Amino acid sequence: MIEFYGVSKEYHGRRVLKNLSFQVAQGEFVFLTGPSGAGKTTVLKLLYRAETPGAGQILVNGRNVVSMPPSRIPELRRTMGIVFQDYKLLPTRTVFENVSFVLKFLGVPLAERRRRAYQVLRLVELHHRVNAFPEELSGGEQQRVALARALVNEPELLVADEPTGNLDHRLAQEMMRLFSQINVRGTTVLVATHDVALIRETGRRCLTLDRGGVLEGLVEAALPPQAAWRREGSSAHPVVPEERP
Amino acid sequence: MRSGAAVASLLDEALAGLWRARRMTAVSVLQIGFSLFLVGLFLLAAENLGGVVDALREETAVTVFLRPGADEAAQADLERRALDSKLVAAVRRVSPEEARRRFARSFASLAGATGTLSSNPFPSSVELDLLPGAASSAALRPFLANLAAFPAVEEVQFDVDWVRRLRGVVRLVAATGAATGFCLALGAAFTIANVVRLTILLHRDEIDILRLVGAPEILIRGPFLLGGVLQGLLGGLLALGLLGLAFRGVLMFITATENVLLGVFVVRFLSPATCGLLVLGGVLAGLVGGTIASRRHHV
Ligand SMILES: Nc1ncnc2c1ncn2[C@@H]1O[C@H](COP(=O)(O)OP(=O)(O)OP(=O)(O)O)[C@@H](O)[C@H]1O
Ligand SMILES: [Mg+2]
């Protein structure tokens, strides 16, 4: 479903990703972790072509994302549901409108928009707030609206950037259960988070970004959450030789 | 069905966008409306002048207007001289009553106005039908000067001459209208472009998010383009409304003041085709402005 081959990315000459390679199969549920600034958001942006890599190839569902002409990008993005780190909700639109406007732009009639928006809002337990505006919602509620919007078009691939960043631990666990449910229905799920405790509890495959490369493996249960990625990163099997630009 | 819903959502988004920038929208609609209104005035004048020319063209004859009180002997003398000149095929007397009837027939909408006049403003006259070729004959001018020197003659009118001049005026009015209209429409398109750009700025975040979630490009930019077109359409309709009001106003003024002279020129409204053209002009201005503002690197 997702294939990265030797992907490198620089911002203004500063290297963020270096020779990154990994694969995620269809139907998998995978975490992407690493310290702040490691490049998690960058990896996701490369996936939906908000950024292009300096080198390497990226395939999503067999389609080459790097060489894709700009006219095909909307089509690519419509096959994914994206939960952005900063939610990107429209402040002047209600919860219902925020969730359903993509459908509106795809020409789905109002009745069906209502039905589908209600369905996904029910899933994230916000169906009683359809007429609220984003600023009337808590951070966690906004995050759930963002998730509802990502799910409303029934994506093949769900990509979420820190979807639990504003949730307390109980709500975060609930969110993960939700992701598992979605995953069970056949949607591939990729979640970027630095909440190591959550990754540990969920017990899914985990990719750790470290110094531009990626390390595979489950986060060790014994490690304190903050230190987990460090131990992992400096462990005995670095994929990329240590090197700074 | 899906494309129907897509069009509905486009229109919905476009209207919402205009509403969000409603002050600017109102200003631009007013500007377009006023520009097209001015163009319409020119067209109205040109069409009516043209109508007058057409009404008169059939009667390309020499008209000799007589002084009030010209006697029968003088008229007979005049007619004999005319027939002797070898330029005139026939003579015809036109009484003041006949002249008024003709006027009423040509300008039906003003029949009421002339009917209410207390005295008949039309003088009696003699019409001379020219022989074929006489109109371009060198002998015609001295002959007309000769007629004009008659004591009973008030004025000699040779229609071909002033019809030709009137035609020139019509062309000038139409050309001025077209040139002014073009400049004004350009200005209107520029205003629309600015309004559309403003609505795009107001929707900046929305556009970015729409792109990120994969909304089709035409559906992202379409509402803005459509917004421009709608502004042009509204401006065109506003111009038509204003023209209609102005036309009625002038008509009422003519009837109230019995101003027959002005009445000759403002007797009918723009033809449906010209009305359509005017609105189309607004739509085109909107299309141009909208297209300029919603080109990809602006949105
Ligand atoms: N548009 C940009 N221009 C310049 N530098 C950027 C840009 N986006 C990201 N960076 C840099 O690239 C690095 C990786 O950023 P990224 O947002 O991918 O990190 P992250 O792993 O998502 O971090 P966090 O956990 O804080 O969200 C950071 O050092 C950041 O400063
Ligand atoms: Mg990030």
**Message:** Going by what's in this entry, would A:Arg116 be described as exposed (fewer than 15 other Cβ atoms within 10 Å of the Cβ) and within 14 Å of chain B (Cβ to nearest Cβ)?
**Reply:** no
When every residue in the range A:136-159 that is within 14 Å of chain B (Cβ to nearest Cβ) and outside any helix (DSSP H, G or I) is compared, the one nearest to ligand 2 (Cβ to nearest atom) is A:Val159
Scanning the range B:187-222 residue by residue, the ones that are facing another protein chain (nearest Cβ under 7 Å) and part of a helix (DSSP H, G or I) total 7
Counting only residues that are of a type in the set (Phe, Trp, Tyr) and within 14 Å of another protein chain (Cβ to nearest Cβ), the range B:1-46 contains a total of 1
Scanning the range A:185-201 for residues that are touching a strand residue (DSSP E or B) at 6+ places or on another chain (Cβ under 6 Å) and more than 12 Å from ligand 1 (Cβ to nearest atom) gives A:Thr187, A:Thr188, A:Val189, A:Leu190, A:Val191, A:Ile199
When (1) within 30 Å of A:Leu103 (Cα to Cα); (2) open to solvent by 50 Å² or more (accessible area, probe 1.4 Å); (3) at pLDDT 90 or above are applied to B:Val229, the one that fails is (2)
How many residues of the range B:133-157 are farther than 23 Å from B:Glu72 by Cα and either modelled with pLDDT under 85 or in the same structural domain as B:Glu79 (by TED's automatic domain parsing) (or both)? The answer is 9
The condition of being touching a Gly at 6+ places or on another chain (Cβ under 9 Å), within 16 Å of ligand 1 (Cβ to nearest atom) and within 19 Å of A:Val24 (Cα to Cα) holds, among A:Lys45, A:Lys40, only for A:Lys40
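Go through A:Tyr11, A:Tyr5 for me and flag whichever is within 13 Å of ligand 1 (Cβ to nearest atom) and open to solvent by 20 Å² or more (accessible area, probe 1.4 Å).
Values: A:Tyr5 fails: within 13 Å of ligand 1 (Cβ to nearest atom).
Exactly one of A:Tyr11, A:Tyr5 is within 13 Å of ligand 1 (Cβ to nearest atom) and open to solvent by 20 Å² or more (accessible area, probe 1.4 Å), namely A:Tyr11.
Inside the range A:60-108, can you point out the residues that are of a type in the set (Gly, Ala, Ser) and at the interface with chain B (Cβ under 8 Å from one of its Cβ atoms)? Full working, then the answer.
To start, the set of residues in the range A:60-108 that are of a type in the set (Gly, Ala, Ser) comprises A:62, A:67, A:71, A:81, A:100, A:107.
If the condition is that a residue be of a type in the set (Gly, Ala, Ser) and at the interface with chain B (Cβ under 8 Å from one of its Cβ atoms), then A:Ser71, A:Gly107 are the ones that fit.
Consider A:Leu190 carefully, then state whether it is touching a Leu at 6+ places or on another chain (Cβ under 8 Å), under 25 Å from A:Leu209 (Cα atoms) and within 16 Å of ligand 2 (Cβ to nearest atom).
Details: touching a Leu at 6+ places or on another chain (Cβ under 8 Å): yes; under 25 Å from A:Leu209 (Cα atoms): yes; within 16 Å of ligand 2 (Cβ to nearest atom): yes.
Yes, satisfied.
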Open item on the list: Is it the case, given these coordinates, that A:Thr52 is open to solvent by 30 Å² or more (accessible area, probe 1.4 Å) and either under 27 Å from A:Gly186 (Cβ atoms) or at the interface with chain B (Cβ under 8 Å from one of its Cβ atoms) (or both)?
Closed with: no
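Would you confirm whether or not the range A:119-135 contains a residue that is touching a residue at least 60 places away in the same chain (Cβ under 8 Å) and surrounded by 17 or more Cβ atoms within 10 Å (Cβ to Cβ)? Can you show your working first?
Our first condition is that a residue be touching a residue at least 60 places away in the same chain (Cβ under 8 Å); within the range A:119-135, this holds for none.
So far as the range A:119-135 goes, no, none of its residues is touching a residue at least 60 places away in the same chain (Cβ under 8 Å) and surrounded by 17 or more Cβ atoms within 10 Å (Cβ to Cβ).
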Here the residues within the range A:14-30 that are in contact with a strand residue (DSSP E or B) (Cβ under 9 Å, 6 or more places away or on another chain) and within 13 Å of ligand 1 (Cβ to nearest atom) are A:Arg15, A:Val16, A:Leu17, A:Lys18, A:Leu20
When every residue in the range B:89-108 that is open to solvent by 70 Å² or more (accessible area, probe 1.4 Å) and under 22 Å from the mean Cα position of the chain (by Cα) is compared, the one modelled with the lowest pLDDT is B:Ala108
Checking A:Arg78, A:Arg72 in turn, the sole residue that is within 23 Å of B:Glu13 (Cβ to Cβ) and either open to solvent by 40 Å² or more (accessible area, probe 1.4 Å) or within 13 Å of ligand 2 (Cβ to nearest atom) (or both) turns out to be A:Arg78
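Can you report the number of residues in the range A:1-37 which are among the small types (Gly, Ala, Ser), within 19 Å of A:Ile58 (Cβ to Cβ) and within 18 Å of the chain's Cα centre (by Cα)? Explain how you work it out, then say what you get.
Taking the range A:1-37 and keeping what is among the small types (Gly, Ala, Ser), we get A:6, A:8, A:13, A:21, A:25, A:27, A:34, A:36-37.
Applying the additional criterion that residues be within 19 Å of A:Ile58 (Cβ to Cβ) yields A:6, A:8, A:21, A:25, A:34.
Applying the additional criterion that residues be within 18 Å of the chain's Cα centre (by Cα) yields A:21, A:25, A:34.
Selection size over the range A:1-37: 3.
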Those residues of the range A:32-46 which are open to solvent by less than 10 Å² (accessible area, probe 1.4 Å) and under 17 Å from A:Val66 (Cα atoms) amount to A:Val43, A:Leu44, A:Leu46
If you check A:Leu17 against the conditions, is it closer than 25 Å to A:Asn183 by Cα and not in a loop (DSSP other than H, G, I, E, B)? no
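The values are calculated or read from the model by the stated rules, or taken from the named source; none is laboratory data. None of these values were measured; they are calculated from a predicted model. So basically every Cβ, Gly included, is an ideal-geometry build from the backbone, and we count neighbours across all protein chains shown. Side chains are part of the model used for accessible areas, which takes the heavy atoms of the whole protein and leaves out ligands, DNA and RNA. Shrake-Rupley method; radii C 1.70, N 1.55, O 1.52, S 1.80 Å.
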